[in-house]
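Notes follow once the structure below has been shown.
The values are calculated or read from the model by the stated rules, or taken from the named source; none is laboratory data. Being a predicted model, the structure only gives us computed values, none of them experimental. Virtual Cβ from ideal backbone geometry, glycine too; neighbours counted across all protein chains shown. With ligands, DNA and RNA removed, areas are computed over all heavy atoms of the protein, side chains included. Shrake-Rupley method; radii C 1.70, N 1.55, O 1.52, S 1.80 Å.
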Amino acid sequence: MTTFKAMVIDKADGATKAALTTFDEANLMDGDVTVRVEYSTLNYKDGLAITGKAPVVRRFPMIAGIDFAGTVETSNHPAWKADDKVILNGWGLGETHLGAYAEKARVKGDWLVPLPATMNAREAMAIGTAGYTAMLAVMALEKHGLTPDRGPVAVTGAAGGVGSVAMAILAKRGFTVHAVTGRPQEADYLKELGATEIVPRADLSGPVKPLAKERWAGGIDSVGSTMLANLLSMTRYGGAVAACGLAGGMDLPGSVAPFILRGVCLYGIDSVMCPLERRKEAWKRLETGLDRQKLATMTREIGLSDLSDAAAAIVKGEVRGRIVVKIG
Ligand code: NDP
């Protein structure tokens, strides 16, 4: 019988509790590929799951962790064989299917993408779901037709995971990037990643006007709520915003004015059920479209035993950049 360490969330008396424990391989869920997990990462959603702050987990007991990079141990799937290096983001991992904070995962081969040839497992998870989502957002803006000559792009939640990667990608593509942050003390960090201007969070936190002064050609928003509504009202004629997060709230207290009077477009970004081909494209672009030195600057490594503290910090908006979790 094989057992391994895992961060397991269980439910008792209506409350959830996360603990590092020993898990029996026989209790892994069905899947045609078994993976030796090497690295995972801490995303905002993992923070919500571990702290129990939002009902992310929909099956108990659940191994937390929504993404991993690792090596295939056994496979009955035609696309994968032992020793293949793979990545998994989303598909319900850590929510409905036993997740990534464990030395082993059994998953559907259809969920996996190959680890890009020039990337190691740690780098892939330094990017993680936050970074892959940032690339999906950039792809949506570029598909819209946004080019650097159209004007600056605002990134909200700039010092967070999605924000940090989004800024580095946009800067490498030649965009002028404005970092919207509640942490002005991180100005040097944000500029190192590519921001040319630091915009106080307060500028986008006030009452939302139907149309405000046009400031940005586009935006990537991981905050939602008043911040997203203000961002839309400040987006220039014909511009676009990619919305991917709710760190500030799930509501959208704005008006249709930016859409119908300025032709502004709002793109929704979902990484969890994103079709395989778009995932592959995002990971391919991440191979060359993200400066690895900047990635290293924004990344800190922890172990499974540090997850509880880190989870509490990320839901409070206190984590800077990305956290990789060493598993194997
Ligand atoms: P982080 O916690 O790393 O980043 C969120 C950032 O938002 C914070 O660092 C902070 O930035 C800002 N922020 C936090 N709380 C507030 C608040 N109350 N008001 C305004 N700004 C706030 O999380 P991630 O980057 O990992 O994720 C960001 C969001 O994107 C989350 O909501 C997450 O669920 C979502 N997400 C969605 C995905 C999808 O598929 N759609 C995939 C991945 C993430 P600063 O201090 O600079 O202001």
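For (1) polar (S, T, N, Q); (2) more than 15 Å from the ligand (Cβ to nearest atom); (3) open to solvent by less than 20 Å² (accessible area, probe 1.4 Å), each residue gets a yes or a no:
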| position | (1), (2), (3) |
| --- | --- |
| MET119 | no, yes, yes |
| ALA126 | no, no, yes |
| VAL138 | no, no, yes |
| LEU141 | no, no, yes |
| ALA159 | no, no, yes |
| VAL162 | no, no, no |
| ALA166 | no, no, yes |
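On the stretch given as region 5-27, residues that are surrounded by fewer than 17 Cβ atoms within 10 Å (Cβ to Cβ) and under 20 Å from LYS108 (Cβ atoms) total 3. Of the residues screened, ILE314 is one that is assigned to a helix (DSSP H, G or I), modelled with pLDDT of 95 or more and under 27 Å from ALA187 (Cα atoms). The set of residues in region 143-157 that are touching a strand residue (DSSP E or B) at 6+ places or on another chain (Cβ under 6 Å) and near the ligand (Cβ under 8 Å from one of its atoms) contains only THR156. Restricting region 271-291 to residues that are within 14 Å of the ligand (Cβ to nearest atom) and open to solvent by 50 Å² or more (accessible area, probe 1.4 Å) leaves a set whose member that is nearest to the chain's Cα centre (by Cα) is MET273. Region 170-270 holds strands (runs of 3 or more DSSP E) entirely within its bounds, and those carrying 1 or more residues that are more than 10 Å from the ligand (Cβ to nearest atom) and surrounded by 23 or more Cβ atoms within 10 Å (Cβ to Cβ) map to 177-181, 195-200, 216-221, 235-243. Contact map, region 235-260: residues that are acidic (Asp, Glu) paired with residues that are open to solvent by less than 70 Å² (accessible area, probe 1.4 Å) and within 13 Å of the ligand (Cβ to nearest atom), Cβ distance under 7 Å, separation 6+ or inter-chain. Pairs shown: ASP251/SER225.
For region 28-48, the set of residues classified as open to solvent by 10 Å² or more (accessible area, probe 1.4 Å) and either free of Cβ contacts under 8 Å to residues at least 12 places away in the same chain or among the acidic types (Asp, Glu) (or both) consists of ASP30, ASP32, GLU38, listed by residue number. Note on region 107-159: among residues that are without any contact (Cβ under 8 Å) to a residue 60 or more places away in the chain and in a helix (DSSP H, G or I), the one that is farthest from the chain's Cα centre (by Cα) is ASP149.
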